[in-house]
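Inspection log for the structure reproduced underneath, given as structure tokens.
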Amino acid sequence: MAPTHSRIPTITLTLLTLSTGSLGQTSVTNEFTDPATGIVLQRFFGARTNYGFGIALSTSPSNSFIGQLSFPLNDGAGWGGWSLTGDMEGPLLMAAWSDGTSVVSSFRQAENEDDNPPEVVGDFSVRPIAAGTSVNATFLTFTFLCEGCLGAALGLDGTAATAEMGWALSDKAVGDPGSSAGVLEFHNVGFGEFQADLALARRPEFEDWAARAGAPVAAAAGATAFDAALVESGEDSGDEDEGDEDDDDD
Ligand code: HEM
Ligand SMILES: *[C@@H]1O[C@H](CO)[C@@H](O)[C@H](O)[C@H]1NC(C)=O
């Protein structure tokens, strides 16, 4: 390379190093015992946003997990969600919000980052765990058994020791919040990815905890079938190396 250009790689390398040390640093999950249920989760928690998502798995092969979403509401408004991968487009997503009295949850699948991701149905279901579910004007906690929610065709096969997952949080009102097809706007409070420790999430008490789940929640009329063809193959298929604007929120 010509001497006049020799500084360019140095500068690029410095920027990459800075980026890795700040924005690119992936948050991890930590052990969290839910005080309401005693369920022990591996939980990602954002100290800036107070968004939390925890996961517990079976020690036996299973395509189900117990999840817990918890996040602040803005005078009742807002929604929080998780993604089975660090991406928004493709994998199984879930969003939850308040209808003023109860928690509404909804499976979603995004084909783009411009529109409200439509509600989807498939061989998966959500069964709320009532003792770990509460909502008021300022905070929502939703604990659930996500049955049939793991599998490569959905974005996460669940057998790995760790997996990249995604989170999103909005404090704007959901359109038509009484319906699971409610309209979501951009996650203005934050979004990003985290590394879920699936090995540590496996707990011998899983089946006992799962037995506390209630009936499956039905989707709204008009929900479309989850399309496995939209799921990128490979667990680390995200665009985390493009310097995107994920919040570093651990
Ligand atoms: C359950 C609902 C949702 C979840 C779990 C979710 C999750 C995520 C995640 C993890 C990312 C970062 C990875 C990526 O770029 O693919 C992302 C990016 C993005 N999402 Fe969502 N999202 C949801 C709903 C929405 C909605 C309703 C909108 C807008 C109508 C939206 C717009 C966007 C945009 C524009 C980006 C890219 C932002 C950027 O790179 O600066 N998302 N989402
Ligand atoms: C709302 O719920 C949260 C979490 O349980 C609690 O900390 C807060 O005190 C509650 N707010 C009111 C007004 O009851």
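Points worth noting:
- Couplings 3J(HN,Hα) of segment 53-63, computed from phi: 9, x, 9, 10, 10, 7, 7, 9, x, 7, 9 Hz, in residue order, whole Hz [Karplus 6.51 cos²θ - 1.76 cosθ + 1.60, θ = phi - 60°; x for Gly and Pro].
- ³J(HN,Hα), Karplus 6.51/-1.76/1.60, whole Hz, each residue of segment 191-200, x for Gly, Pro: 6, x, 10, 8, 9, 8, 7, 6, 5, 6
- Amide H contacts of residue 189 (H built 1.01 Å from N, under 5 Å, at least 5 apart or other chain): 169, 170, 171
- Förster radius 41 Å - calculated FRET efficiency between residue 48 and residue 217, Cβ distance, rounded to 0.05: 0.85
- Toward the positive end of the charge dipole of segment 105-245, with +1 on the Cβ of Lys and Arg and -1 on the Cβ of Asp and Glu, the farthest Cα among 174, 131, 195 is that of 131.
- Taking every Cα-Cα distance in segment 180-225 and sorting them into 10 Å bins starting at zero, the pair-distance distribution P(r) comes out as 16, 23, 39, 22 percent.
- Each other residue within a Cβ distance under 15 Å of residue 63 adds +1 if Lys or Arg and -1 if Asp or Glu, for a net charge of -2.
- Rounded to the nearest 20 debye, dipole of segment 27-222 from Cβ charges on Lys, Arg, Asp, Glu: 560 debye
- Ranked by how many other beta carbons lie within 10 Å on average, peptides 87-93, 31-37, 171-177 from highest: 87-93, 171-177, 31-37
- All Cα pairs of segment 27-222, percent lying beyond 32 Å: 5 percent
- ³J(HN,Hα), Karplus 6.51/-1.76/1.60, whole Hz, each residue of segment 155-166, x for Gly, Pro: x, 8, 7, x, 8, 6, 6, 9, 8, 7, 10, x
Values quoted throughout were computed directly from the atomic coordinates according to the rules given, and no laboratory measurement underlies them. Note that the coordinates shown come from a computational prediction; the quantities given were computed from them, not determined experimentally. FYI the Cβ positions are ideal-geometry reconstructions off the backbone, even for glycines, and counts take in every protein chain you see.
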